[in-house]
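Asks: Questions regarding the structure given below will be posed in turn.
Read-outs throughout are calculated quantities, based only on the coordinates presented, and are distinct from any laboratory measurement. These numbers were taken from a predicted model, which means no experiment stands behind them. Note: ideal-geometry Cβ built from the backbone for every residue, glycine included; neighbour counts use all protein chains shown.
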Amino acid sequence: MMEQTRAGRKRGALGTAVLYVIVVIALIWALLPIVWMVLSSLKTQAGMFSMPPKFLFKPTFDTYRQMFSASGGFGHYLWNSVVASVLSTAISLVLGTLGGFALARGHFKRGKDLSFWVISTRMAPIPAVMLPLYLMFSKLGLIGTMTGLVFAYTTFNLPFALWIMMTFFKDIPPALEEAGMVDGCSKFQAFWKITLPMAAPGLVATGILCLMFAWNDYSFASVFTSTATQTVPVAASLLVSQEGVQWGQAMATGTIIILPMLIAGIFVRKYLVRGLSMGAVK
Amino acid sequence: MKKRALKAASVGALGTVMVLAGCGTANTNGAGGSNADNSSGSAKTVAARQVAAPFPGAVPGLPKITAPAGFNWKQFAGTHLTFISENTPPSSALAENIKQFEKVTGITVTIEQSDLSTVAQKVALDFAAKSDKYQVIYPDPYQMLAKYSYDYVDLNRFNNDPTLPHIPGGLNDFITSQLQVDGYMGNKDHLYALPYDCPTMILFYRKDIFDNPKYKAMFKKEEGFDWTPGPNLTWQQYYTIEKWINQKVKQGVIKGVKYGAGAQAKQYDSLMCDFSNVLAAYGGDYFKAPNLGSIGTTNPGPSLMNSSKAIAAATMYKKIVQAAAPGSTSWDWNGLAEAFAAGDIAMAPEWHEFASMMENPAKSKVVGKVGFAVLPRGPVRSANIFGGTGIGISKYATPKEQKAAWLFIVWATSPQAQYMILKSKNGGETPTRYSVYNLPEIKKGMTPGTKESKEMPNLLAMKATLEAWKPQNVYMRPKIPQWPQVDSIVFTELSKMLANQETPAQAMKNIAQQSNQLTGN
Amino acid sequence: MLAPSVVILAIISIVPLFYMIYASLMNYTLNPDQPVFYQLHNWLSVLRDATYWHSWGRTVVFVVVGLAVELLLGTGLALAIYHIPKGRNLVATLWMLPLFVAPIVTGLLGRFLLNTTYGMYAWLLQCIGMNTDILGTTSTAMPAIILMDVWEWTPLITIIVLAGLQAMPEEPLEAADVDGASYWMKLRYVILPLVKRAIVVALLIRSMDILRYVDTILITTQGGPADSTKTVGYYLVQVAFQFQDFGRAAAIGLTMLVVTIFLGKSFIRIFARGEE
């Protein structure tokens, strides 16, 4: 997908070497903690604590075995995290796409204010809105349920999706839809058949970012979940208990939490970059 | 296919919106009215013949769980209870054995465990919503009882009800001071919770260092006193020992540790606890009102932190922390325990239940090397801060749920359940019942090297802890509704003092001034 | 089409907003279940609260330094990745990984690495003679917290700016090449202006969250030592959840909201200027 570098055609071998050195240093900075986390998760606690650091050792999978055993229940938390993030992302994308399109095409009075209001709904400090949200959720019986959690995630994902999809649609000329409507499409058909496919990479990029926000959330999940609906970040925070920090499990949790995203990341990274490059950031 | 799923999802979201618009106000408000009869509890009204409850695991020598003859243990079958608790060993142990209770009563119980601040946060929000999501609560006396006492049911009502099971062994079987702190607020008219866990700070020290005859003799010769930790050691001497070990480690004379002492001086609750031991040893306290630390009060009176005692304590504490292991200012009790278990530290005040971690070879390099004693004394006394909590029932639970919750509490705080928790493989926690400590088996476990001590390693710390629980030795922080803020003022100013931003006198003055402003004195 | 979203947004924003205004006028400290009218006491106590202003000071340090470092590093690395002839996809994918480590885990990991007993980074520092406890010393705790934020979020800036770079039109660059411009001149006058909008979007997304997300502080320093890492976001957590003073929390929350909106508006204004 990337063509030959355009800006750097005349760069010499030295420049390229410098660039690689920079990139390698950056990668060490980014990856060393992660590598250390993965290695630590494969050690016994005694091994984990022994300094100077060891990079070669006999790995043990005991921590993982324990976490995924019936009493560890980690598989369950993972499932909760996946379900809550995917559902809230899906809801946000559907509503955000429709709303974003309407916002981009409609002629609203004070349209700019409207779109800023949309994104501003995501800005409220969480602890301050927790009480009203909790009261609402409690009245509806949503505390501790998966529906409640999905809805809580939607509170920050929907404004984001709506706003960013709007910027994508603004970059797609309305003339294309108008042409379609001349050909006999309804307004919705024109949107569905013409505009939406063009915005697809943007949709994917938005979806990935929404997934990331939901996947990483701790503030909402810590209050709105119960044992049955607990997500991975909440489970991670519970490893700091009165009897000490369960470092082995903490490191294993960290490893597991990036795995799905690593796998997904490999597949979707190019859509992410392409998607972002078409709308929001052009 | 996919399209349809997305549509369904969006319809679902719309449905949610409509429900929101027409939100109901139905609210079950359980009987919150208090019982006029304010008997102090110990099952005076036993009228009917008592019959042992069908719970397995009764231990000879412990008071049995009983109920009036003909009591139907299954009468609340089908009721569901949620018990919200801090993620502590007793709750893990209860969770493992909850089937016992569920089988006998038919009541199902979910034990929801979070860190203490999340528990406090969820309970506060739930009370604000007047919801009955949590029927059984772990009310930390300082964060969740003092401020919200009227949100809990008066347990005397159940304990005096002739048709219900009563507290096995009676209230007198609970450690007296713990029952006062965990159970009451402001007066003894209402009993809000029963003691459930009981961590207490004592001194952990390395026997391989302190009992080493060579080190011991050398210290005696150079510093002029016997350094054996015990009731006669003073904080001043503690500081001398700390510096001496640091120096000898540097010189290569002492091997096996890196630092003389450690502290839990992170800007956090642990710092207040760590400091309180010294403060009370010097005869100081946070406020003037009586009963501050026992049954608590809503008006703590003026702050006493401006006193010369408090300043002397702060001066000593600062010296101790500044000579302690460098990690001390970022450690809470966990960080300190880890460093101690890694063999870095010769002595430190720590919660007694960390004993089991020290004796766990997977987590500790100092197995068998740790000794326990009451904390050093100041000019006035030895003070060992208590940090336990009880279990109570939310008044927003329905009457039926409240009674079901009572059965759960009777079981969970019973001597036999406390014994079971102590024996749990998960490390266990020490009981809140005198009767358990009187069992010969448990007494044996307090001596190092016995089979029982290996089975229940927390008992190793119990000799010192039982000493620490004596009224003259235990320290209870003020139980007042404003405590969370006062706590934060205290540990924040202390942290500034340790960072050399304030002198001890300034820090104490700031604590006094801010606390007075907060409490309106 | 807009209606469902607007209804939901209204519920999740307007209801809490009015509730916050209401709560900020109520006293929750006496009896949190039945707050009583408190006039402007919460507001006055917040505005007179030295800790509150101190926490804004720490917030400015955290936000300004954090955003600046993230922006410079993120943009610089986007340029580097954009210019390397081979392995771009691999590098970008690996560089993105920290984004998916939940902040709460980032905090735990930071604590683990910096622990003086067994932390790998602490050990490395000890090797070069730095024996201080990073998270327990006032001068180093804030930089450490900032670096954790930088570690986690710089990749987001990189990805967005990289997307901007790839969307650049060819012509202006070619024209610059024809004119024989140096790389720095091209960067200054052609590339950066073209990706300006990407940078602003990245900044907008980050600035919305940097004020309100405090997960890493929560799990590491909890504001200490000596309040050196107590940002206003963390202070709010303390007031709302530890003190359970919902009235004062609402007042603090509203002031934060105003500042966030002001920041957001400013970035959008730059954004709009960039478009013309």
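Asks: Once you keep just the Cα pairs under 8 angstrom separated by 6 or more residues, what percentage relative contact order results for chain C?
Replies: Details: 304 pairs, mean separation 80.6, N = 276.
Rounded, it is 29 percent for chain C.
Asks: Now a separate question. Could you go through segment B:247-257 in sequence order and give the Karplus-derived ³J(HN,Hα) for each residue, using 6.51 cos²θ - 1.76 cosθ + 1.60 with θ = phi - 60°, rounded to whole Hz, and x for Gly and Pro?
Replies: These are the phi-based 3J(HN,Hα) values: 5, 5, 5, 4, 6, x, 6, 9, 10, x, 9 Hz.
Asks: Let me ask something else about it. What's the ranking of B:466-479, A:244-257 by average number of surrounding C-beta atoms within 10 Å, highest first?
Replies: On the way: B:466-479: 19.9, A:244-257: 23.3.
The most tightly packed comes first, giving A:244-257, B:466-479.
Asks: Under 17 Å between alpha carbons, and skipping anything fewer than 8 positions from C:Lys186 in its own chain: which aspartates and glutamates qualify?
Replies: Straight-distance partners of C:Lys186: C:Glu170, C:Glu171, C:Glu174, C:Asp177.
Asks: B:Gln135's amide H: which non-local residues (gap 5+, or another chain) put their own amide H closer than 5 Å, with H modeled 1.01 Å from N in plane and none for Pro or chain starts?
Replies: Residues meeting the amide H criterion: B:Thr82.
Asks: Over 21 Å apart: what share of the alpha carbon pairs of segment C:152-240 falls there, rounded to a whole percent? Please list the in-between numbers first.
Replies: Values: 2043 of 3916 pairs.
For segment C:152-240, the share of Cα pairs beyond 21 Å comes to 52 percent.
Asks: Enter the mean projected area of the convex hull around the alpha-carbon atoms of segment B:58-166, in nm², rounded to one decimal.
Replies: Values: hull surface 32.7 nm².
Taking a quarter of the hull surface, the average projection is 8.2 nm².
Asks: Pick out, from A:Gly73, B:Val257, C:Met26, the residue whose Cα sits farthest towards the positive end of the charge dipole of the protein assembly as shown, with +1 on the Cβ of Lys and Arg and -1 on the Cβ of Asp and Glu.
Replies: Value computed over the given set: B:Val257.
Asks: Here is a further query. Let me know the mean shielding of A:211-220 by other chains, meaning the per-residue number of their Cβ atoms within 10 Å of its Cβ. Walk me through the intermediate numbers first.
Replies: Details: counts 1, 5, 2, 0, 4, 11, 5, 11, 8, 0.
Going residue by residue through A:211-220 and averaging, the value is 5.
Asks: What does the helix-only formula give at 222 nm for chain C: each DSSP H stretch with n ≥ 4 adding -39500 (n - 2.57), the total divided by the residues, and the result rounded to the nearest 500 deg cm²/dmol?
Replies: Dividing the helical sum by the residues of chain C leaves -23000 deg cm²/dmol.
Asks: Using a cut-off of 14 Å between beta-carbons, work out the net charge of the residues near B:Ile311 (Lys and Arg +1, Asp and Glu -1, B:Ile311 not included). Don't skip to the answer; put the middle values down first.
Replies: Values: positive: B:Lys309, B:Lys318, B:Lys319, B:Lys509; negative: B:Asp285, B:Glu493, B:Glu502.
For residues surrounding B:Ile311, the net value is +1.
Asks: Using a Gaussian network model on chain C with a 10 Å cutoff between Cα atoms, which of C:Ile146, C:Ile160, C:Ile21 fluctuates the most?
Replies: Comparing C:Ile146, C:Ile160, C:Ile21 in a Gaussian network model of chain C, the most mobile one is C:Ile21.
Asks: Rounded to two decimals, what is the ratio between the C-alpha radius of gyration of segment C:51-275 and 2.2 N^0.38 Å?
Replies: On the way: Rg = 20.1 Å, N = 225, 2.2 N^0.38 = 17.2 Å.
In units of the globular-protein estimate, segment C:51-275 measures up at 1.17.
Asks: For chain B, calculate the relative contact order in percent as a whole number, restricting contacts to Cα pairs under 8 Å that are 6 or more residues apart. Mind showing how you got there, number by number?
Replies: Working: 1038 pairs, mean separation 118.5, N = 521.
Computed over chain B, the figure is 23 percent.
Asks: Kindly provide the pair-distance distribution of segment B:372-486 built from C-alpha pairs, with 5 Å bins from 0 and whole-percent values in order of increasing distance.
Replies: 2, 10, 15, 17, 16, 16, 12, 7, 4, 1, 0
Asks: Based on the alpha-carbon gyration tensor of segment A:68-150 and its eigenvalue square roots a ≥ b ≥ c, which shape applies: rounded if a/c is under 1.5, prolate if not and a/b is larger than b/c, or oblate? Display every interim value, and only then the final one.
Replies: Working: a/c = 3.08, a/b = 1.84, b/c = 1.67.
Prolate.
Asks: Projected onto the charge dipole of the protein assembly as shown (+1 at Lys/Arg Cβ, -1 at Asp/Glu Cβ, origin at the Cα centre), which of B:Ser330, B:Thr110, C:Ala92 gives the Cα projection farthest towards the positive end?
Replies: C:Ala92
Asks: Could you work out the local net charge near B:Lys363, counting Lys and Arg as +1, Asp and Glu as -1, over the other residues with Cβ closer than 11 Å to its Cβ?
Replies: On the way: positive: B:Lys365; negative: A:Glu243, B:Glu338, B:Glu359.
Overall, the nearby charge balance is -2.
Asks: Give the whole-number value, in cubic angstrom per residue, of the convex hull volume spanned by the C-alpha atoms of the protein assembly as shown.
Replies: Values: hull volume 189.1 nm³, N = 1079.
Hull volume over Cα atoms, normalised by residue count, gives 175 Å³.
Asks: Right, next: Relative to the longest principal axis of the C-alpha atoms of chain B, give the angle of the C-alpha long axis of helix B:269-281, reported between 0 and 90° and rounded to the nearest 10°.
Replies: With both axes taken from Cα atoms, the answer is about 60 degrees.
Asks: Can you tell me the 0 to 90 degree angle between the C-alpha axis of helix A:247-278 and the longest principal axis of chain A, rounded to 10?
Replies: On a 0 to 90 degree scale, this one is about 20.
Asks: Regarding chain B, what are the three Cα extents along the principal axes, ordered largest first, in Å?
Replies: 74, 62, 53 Å, listed from the longest principal axis down.
Asks: How crowded by other chains is C:84-92, given as the mean number of beta carbons from other chains within 10 Å of each beta carbon? Walk me through the intermediate numbers first.
Replies: Numbers: counts 7, 8, 2, 2, 5, 6, 3, 6, 7.
Shielding by partners across C:84-92 averages 5.
Asks: On to the next question. Tell me the Rg and the Dmax, in Å, that the Cα atoms of segment C:40-87 produce.
Replies: 19.6, 62
Asks: For chain B, take the longest principal axis of its alpha carbons; what is the angle in degrees between that and the long axis of helix B:2-21, to the nearest 10 within 0 to 90?
Replies: Roughly 90 degrees, rounded to the nearest 10.
Asks: Could you tell me the distance between the Cα centroids of segment A:141-179 and segment B:197-224, to the nearest Å?
Replies: Segment A:141-179 and segment B:197-224 have Cα centres spaced 64 Å from each other.
Asks: Placing one identical point scatterer on every Cα of segment B:271-336 and ignoring solvent, what is log10 I(q)/I(0) from the Debye formula at q = 0.13, 0.17, 0.20, 0.29 Å⁻¹?
Replies: One equal scatterer on each Cα of segment B:271-336 leads to -0.44, -0.68, -0.84, -1.21.
Asks: With only alpha-carbon pairs counted, each pair once and no self-pairs, how large is the Kirkwood hydrodynamic radius of segment A:69-278 in angstroms? Before the final figure, lay out each step's value.
Replies: Numbers: mean 1/r = 0.0530 Å⁻¹.
Here the Kirkwood hydrodynamic radius works out to 18.9 Å.
Asks: Quick one: which of B:Lys220/B:Lys479; B:Lys395/B:Lys496; B:Lys130/B:Lys479 span more than 30 angstrom between C-alpha atoms? Don't jump to the answer; show the numbers that get you there.
Replies: Values: B:Lys220/B:Lys479 42 Å; B:Lys395/B:Lys496 41 Å; B:Lys130/B:Lys479 24 Å.
Over 30 Å apart, Cα to Cα: B:Lys220/B:Lys479; B:Lys395/B:Lys496.
Asks: I'm a student and want to see the number: the projected area of the Cα convex hull of segment B:66-106, averaged over all directions, in nm². All intermediate terms of the calculation are to be shown ahead of the outcome.
Replies: Working: hull surface 14.2 nm².
In nm², the orientation-averaged hull projection of segment B:66-106 is 3.6.
Asks: Quantify how much of the Cα-Cα distance distribution of segment C:32-156 extends past 17 Å, in percent.
Replies: Of all Cα-Cα distances in segment C:32-156, 71 percent exceed 17 Å.
Asks: Find the Cα radius of gyration of segment A:223-282, compare it with 2.2 N^0.38 Å by division, and give the number to two decimals.
Replies: On the way: Rg = 16.9 Å, N = 60, 2.2 N^0.38 = 10.4 Å.
Expressed relative to 2.2 N^0.38 Å, the Cα Rg reads 1.62.
Asks: Quick one: which of B:Lys255/C:Lys230; B:Lys207/B:Lys319; B:Lys216/B:Lys318; B:Lys319/B:Lys454 span more than 28 angstrom between C-alpha atoms?
Replies: On the way: B:Lys255/C:Lys230 39 Å; B:Lys207/B:Lys319 24 Å; B:Lys216/B:Lys318 26 Å; B:Lys319/B:Lys454 37 Å.
From the list (B:Lys255/C:Lys230; B:Lys207/B:Lys319; B:Lys216/B:Lys318; B:Lys319/B:Lys454), the Cα-Cα distance tops 28 Å for B:Lys255/C:Lys230; B:Lys319/B:Lys454.
Asks: Under a point spin-label approximation (7 Å from Cα along Cα-to-Cβ), what is the B:Gln322-B:Asp161 distance to one decimal in nm?
Replies: Those two pseudo-labels are separated by 5.9 nm.
Asks: Using a Cα-Cα cut-off of under 17 Å, which aspartates and glutamates could be cross-linked to B:Lys221, ignoring same-chain neighbours fewer than 8 residues away?
Replies: The qualifying aspartates and glutamates are B:Asp211, B:Glu242.
Asks: Further question: Of the peptides A:263-276, B:113-126, how do they stack up when ordered by the mean number of other Cβ atoms within 10 Å, highest first? Walk me through the numbers before you get to the answer.
Replies: Working: A:263-276: 19.2, B:113-126: 22.8.
By packing density, highest mean first, the sequence is B:113-126, A:263-276.
Asks: Continuing with the same structure: Place the peptides A:43-50, B:146-153 in order of packing, highest mean first, counting for every residue the other Cβ atoms within 10 Å and averaging per peptide.
Replies: Details: A:43-50: 18.1, B:146-153: 23.8.
Final packing ranking: B:146-153, A:43-50.
Asks: For segment B:380-442, max minus min Cα coordinate along each principal axis, in Å, sorted largest first?
Replies: If we take the Cα atoms of segment B:380-442, the spans are 45, 35, 22 Å.
Asks: Which aspartates and glutamates have a Cα lying under 13 Å from the Cα of B:Lys214, excluding residues fewer than 8 positions away in the same chain?
Replies: B:Glu222, B:Asp226
Asks: Quickly work out the B:Phe225-to-A:Ala46 label distance, labels modelled 7 Å from Cα along the C-beta direction, and quote it in nm with one decimal.
Replies: Those two pseudo-labels are separated by 3.8 nm.
Asks: Roughly how crowded by other chains is peptide C:113-126, in terms of the mean Cβ count from those chains within 10 Å of each of its Cβ atoms? Before the final figure, lay out the partial values.
Replies: Details: counts 5, 2, 10, 10, 17, 12, 5, 9, 4, 3, 3, 4, 0, 3.
Whole-number average of other-chain Cβ neighbours for C:113-126 is 6.
Asks: Could you pull out the pairs from B:Lys258/B:Lys369; B:Lys365/B:Lys463; B:Lys363/B:Lys425; C:Lys196/C:Lys265 whose alpha carbons sit more than 19 Å apart here? Spell out each step's value before the answer.
Replies: Working: B:Lys258/B:Lys369 15 Å; B:Lys365/B:Lys463 23 Å; B:Lys363/B:Lys425 15 Å; C:Lys196/C:Lys265 16 Å.
Listed pairs above 19 Å: B:Lys365/B:Lys463.
Asks: Can you give the extra length, in nm with one decimal, that the chain gains between C:Leu47 and C:Ala68 once fully stretched, where that is 0.36 nm per residue apart less the Cα-Cα distance? Present the calculation step by step, with values, prior to reporting the outcome.
Replies: Working: separation 21, 0.36 × 21 = 7.56 nm, distance 2.84 nm.
This chain segment gains 4.7 nm when fully extended.
Asks: Give the long-range amide H neighbours of B:Asn384: residues separated by 5 or more places, or on another chain, with amide H under 5 Å away, using H modelled in the peptide plane at 1.01 Å from N.
Replies: It is B:Val474, B:Tyr475, by chain and number.
Asks: Oh, and also: What order do you get for B:Leu194, A:Leu19 when you list them from fewest to most C-beta neighbours inside 10 Å? Let's see the in-between values first.
Replies: Details: B:Leu194 24, A:Leu19 19.
Fewest-to-most Cβ neighbours within 10 Å comes out as A:Leu19, B:Leu194.
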